[in-house]
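Before any comments, here is the structure.
The values are calculated or read from the model by the stated rules, or taken from the named source; none is laboratory data. What you see is a predicted model; the values in this text were computed from it and never measured. A quick note on method: Cβ atoms are made from the backbone with ideal geometry, for glycine too, and the neighbour counts reach across all protein chains shown.
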């Protein structure tokens, strides 16, 4: 009886039933840049990259794909868009500074330099929504000493914040 219960509990936690990403975007006014951290489940992230590109990244393993960062950046810049004062931030501004594995999640740390006045920001977060219909993407934006929390799903994919 105990071993059956242990197997069931292990199965519930080993294969996460929740499809969730968490993105934090903070504008550093002194350094004129956005500091972005993105947390995704590694298995889901590798699945979507494999689905779109027919490759296995093997993230954080000895035989990791040598150009894994290329595929990571391509996916992130295609699915996380910042539109500031009516203009999209170009993909070339997204700089992957660091990535790390924590348990079953992958943390991606980006920097986006932006030195103009920010009056309005529109963020589209479609991470993983092309793989899972129940995907939820939480986003926390901190800008001008104010914090905004947003949730994205297939039904709701954009939020606009006017900063006047």
Mind checking which pairs have a first residue in the range 101-121 that is touching a residue at least 12 places away in the same chain (Cβ under 8 Å) and a second that is surrounded by fewer than 13 Cβ atoms within 10 Å (Cβ to Cβ) and in a strand (DSSP E or B), Cβ under 6 Å, 6 or more apart or different chains? 107/100; 109/97; 109/98; 111/97; 120/162
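Kindly evaluate residue 64 against the criterion of being farther than 17 Å from residue 24 by Cα, in contact (Cβ under 8 Å) with a residue 24 or more places away in the chain and over 18 Å from the mean Cα position of the chain (by Cα).
Details: farther than 17 Å from residue 24 by Cα: yes; in contact (Cβ under 8 Å) with a residue 24 or more places away in the chain: no; over 18 Å from the mean Cα position of the chain (by Cα): yes.
Considered against the rule, which asks whether it is farther than 17 Å from residue 24 by Cα, in contact (Cβ under 8 Å) with a residue 24 or more places away in the chain and over 18 Å from the mean Cα position of the chain (by Cα), residue 64 comes out as no.
Residues to consider are 143, 104, 76, 112; find the one that is crowded, with 16+ Cβ neighbours inside 10 Å, in contact with a helix residue (DSSP H, G or I) (Cβ under 7 Å, 6 or more places away or on another chain) and either modelled with pLDDT of 85 or more or under 15 Å from residue 23 (Cα atoms) (or both).
Numbers: 143 fails: in contact with a helix residue (DSSP H, G or I) (Cβ under 7 Å, 6 or more places away or on another chain); 104 fails: crowded, with 16+ Cβ neighbours inside 10 Å; 76 fails: in contact with a helix residue (DSSP H, G or I) (Cβ under 7 Å, 6 or more places away or on another chain).
Only one candidate passes the filter, namely 112.
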Quickly run through the range 13-58 and pick out the residues that are crowded, with 19+ Cβ neighbours inside 10 Å and over 29 Å from residue 143 (Cβ atoms). 46, 49, 57
If you go through the range 115-145 one residue at a time, how many are assigned to a loop (DSSP other than H, G, I, E, B) and under 12 Å from residue 26 (Cβ atoms)? 2
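For the range 122-145, name all the residues that are over 18 Å from residue 88 (Cβ atoms) and touching a strand residue (DSSP E or B) at 6+ places or on another chain (Cβ under 9 Å). Before you say what the answer is, go through the steps one by one.
Taking the range 122-145 first, the residues over 18 Å from residue 88 (Cβ atoms) are 128-138, 140, 142, 144-145.
Correct list: 128, 129, 135, 136, 137, 138, 140, 142, 144.
Tell me the residue from 61, 156, 83, 98 that is modelled with pLDDT of 95 or more and either within 21 Å of residue 39 (Cβ to Cβ) or touching a strand residue (DSSP E or B) at 6+ places or on another chain (Cβ under 7 Å) (or both), please.
Working: 61 fails: modelled with pLDDT of 95 or more; 156 fails: modelled with pLDDT of 95 or more; 83 fails: modelled with pLDDT of 95 or more.
Result of the check over 61, 156, 83, 98: 98.
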